[in-house]
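Peer 1: Once you've had a glance at the structure underneath, I'll fire off some questions.
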Amino acid sequence: MDSFDAGAGLVLAGRPLPLTSPARVYVCGITPYDVTHLGHAATFVWADVLTRVIRMAGTATEVTRNVTDVDDVLTRTAVERDVAYDEFGLRQEFWFDRTMADLQVRAPDHTPHARHHVRHVIALAGALLVTGDAYERDGTVYFRGARVPAAAGLDRDTALARSAEYGDEPDDPRRDDPFDVPLWKPSDGGQPAWPSPWGRGRPGWHAECAAMALASLGGVVDVLAGGADLEFPHHAYQSAMAAAATGAGLFARRGFRAGVVSVDGAKMAKSTGNLVLVQDLLGSAPGAAVRLLLLDRPWSQPWEYRPEDVATAGGRLEELYVAAGRKPGSSAAVDAVRDALLTDLDVPTALATALEEGGDAARLAIGTLALQ
Ligand code: ZN
């Protein structure tokens, strides 16, 4: 590898993404209140492959994957189970980390926790009050979000529905605009609370990620990653808050959102009750087979989980190992695998070449996709 062509050739979400080293990748992580299902795993395995492909091309990566441990859903669940919210979050996080290790997901360079970054949220809210992008009302600091839906390419009605679905309370009458969201909000009895210039309270969700990204990676990230359902409102607001605070005009150079996983036509979600738990799959299949099941498809497309596909992925993995045992093969085949991965992480094409050509091409695919 010639270090002068570091990062050359990566196409992501249909467009070239030239990179300087290190490439900074922020992955919106878990809210640790429940076990890891296949939909979560798809997001984190894809984000892991993205960074492995970037490193394959010779560019270093700096990866942050946060833990949203200050969150009203988590607090409610912890109260139900009579556990302190932070202890409850840590227990869930322990299991999550084990699942990620089973799936060969490399540990991120930074794992900020929301409860450790409250002062950064307060600083962010303070900065946005100075720039005029926020206002305070009765202990709540609101971010002015009227322009966020259009910037995200959404019409008003769709944006309103999604804001309501994700807990942004667009009906709250105290807001100047339905799309204003809290950077900071007062806490009542059972909720975690910290002192602030606006009284005791806690950060808003989008502000937590904006503050953790600014604190760990700086003002601009190369890629903002997460599940497809985070595109709006979460990623849109996180980006708008960070960009307004830094004045950089742009926070994330590219979004990377893994396709939603469905079961029998319904999105896999706790509320739907159709969760396929990763640890259950790992009881009967190796981690590499589950990983291949998630990866052998276009990353941005929604897809349907079928139980029989786990065994199919296991069989394909065996074929790949057999192919890797063949003699070295041509350098053109190695280049073809490399080019496929750099071209929007085209894993199916890379695997087809690896299986057909075998040898070094198959070993590059196995190594880069961490299917050992
Ligand atoms: Zn986030």
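The values are calculated or read from the model by the stated rules, or taken from the named source; none is laboratory data. These numbers come from a predicted model, not from an experiment. Cβ coordinates were reconstructed from backbone atoms using ideal geometry, including for glycine residues, and neighbour counts include every protein chain displayed. Remember, those area values only see protein heavy atoms, side chains included, never the ligands or the DNA or RNA. Shrake-Rupley method; radii C 1.70, N 1.55, O 1.52, S 1.80 Å.
Peer 1: How large a share of the accessible area of region 20-258, in percent, is made up of carbon and sulfur atoms when the probe is 1.4 Å and the other protein chains stay in place?
Peer 2: 49
Peer 1: Per the helix-only calculation at 222 nm, which mean residue ellipticity applies to the chain, given -39500 (n - 2.57) for every DSSP H run of n ≥ 4 and division by its residues, nearest 500 deg cm²/dmol?
Peer 2: Counting only the DSSP helices, I get -13500 deg cm²/dmol.
Peer 1: Okay, moving on. What nm value, rounded to one decimal, do you get for the distance between Asp309 and Ser330 when each label is placed 7 Å out toward the C-beta?
Peer 2: About 3.2 nm separates the two model spin labels.
Peer 1: Oh, and also: If amide hydrogens are placed 1.01 Å from N in the peptide plane, which non-local residues have theirs closer than 5 Å to the one on Val181?
Peer 2: Under 5 Å from the amide H of Val181: Phe143, Gly145.
Peer 1: Continuing with the same structure: Taking K and R as +1 and D and E as -1, what net charge do the other residues with C-beta under 11 Å from the C-beta of Asp133 add up to?
Peer 2: Summing Lys and Arg as +1 and Asp and Glu as -1 gives +1.
Peer 1: What does the C-alpha gyration tensor say about the overall shape of region 278-369? Classify as rounded when a/c is under 1.5, otherwise prolate if a/b is larger than b/c, or oblate.
Peer 2: oblate
Peer 1: Tally Lys and Arg at +1 and Asp and Glu at -1 over the other residues with C-beta under 14 Å from the C-beta of Leu17: what net charge comes out?
Peer 2: +2
Peer 1: So, by mean Cβ neighbours within 10 angstrom, what's the order for 98-104, 78-84, 31-37, 273-279 with the highest one leading?
Peer 2: Put in order of decreasing packing, that is 31-37, 98-104, 273-279, 78-84.
Peer 1: Under 5 Å between amide hydrogens, which residues at least 5 positions from Glu62 or on another chain qualify, with H placed 1.01 Å from N in the peptide plane?
Peer 2: The list, which skips near neighbours in sequence, is Ala23, Arg24, Val25.
Peer 1: Further question on the same structure: When a/c is below 1.5 the answer is rounded, else prolate if a/b is larger than b/c, else oblate, so apply that to region 1-120 with a ≥ b ≥ c taken from the square roots of the Cα gyration tensor eigenvalues.
Peer 2: prolate
Peer 1: Accessible surface of Arg254 in the full protein assembly, 1.4 angstrom probe, to the nearest 10 Å²?
Peer 2: Taking all protein chains as shown, Arg254 has close to 20 Å².
Peer 1: Could you work out the relative contact order of the chain, using alpha carbon pairs under 8 angstrom and six or more residues apart, expressed as a whole percent?
Peer 2: This gives 19 percent for the chain.
Peer 1: Okay, next question. Would you work out what percent of the accessible area of region 278-369, with all protein chains in place, is carbon or sulfur (probe 1.4 Å)?
Peer 2: 55
Peer 1: Which of the peptides 157-167, 137-147 is most tightly packed, and how do the rest follow, judged by the mean count of other Cβ atoms within 10 Å per residue?
Peer 2: Ranked by mean Cβ neighbours within 10 Å, highest first: 137-147, 157-167.
Peer 1: Right, something else. Looking at the chain only, what percent of DSSP beta bridges run antiparallel? Nearest 5 please.
Peer 2: 45
Peer 1: On a straight-distance basis, which aspartates and glutamates could pair with Lys267 in a cross-link, Cα separation under 18 angstrom, same-chain partners fewer than 8 positions away excluded?
Peer 2: The qualifying aspartates and glutamates are Asp34, Glu165, Asp229, Glu231, Glu304, Asp309.
Peer 1: Just going by the charge dipole of region 20-258, with Lys and Arg at +1 and Asp and Glu at -1 on Cβ, which of Tyr135, Thr59, Leu90 is farthest out on the positive end?
Peer 2: Going by the Cα projections, it comes out as Thr59.
Peer 1: Hey, another quick one. What is the dipole size for the chain, taken about its Cα centre, with +1 at each Lys and Arg Cβ and -1 at each Asp and Glu Cβ, in debye to the nearest 20?
Peer 2: 620
Peer 1: Then there is this: Rounded, prolate or oblate: which fits the chain when a ≥ b ≥ c are the square roots of the eigenvalues of the alpha-carbon gyration tensor, with rounded for a/c under 1.5 and prolate only if a/b beats b/c?
Peer 2: prolate
Peer 1: Right, here's the next one. Tally Lys and Arg at +1 and Asp and Glu at -1 over the other residues with C-beta under 15 Å from the C-beta of Pro307: what net charge comes out?
Peer 2: In short, -4.
Peer 1: Grab the beta carbon distance between Asp176 and Asp109, set R0 = 30 Å, and tell me the FRET efficiency rounded to 0.05.
Peer 2: According to the calculation, E is roughly 0.20.
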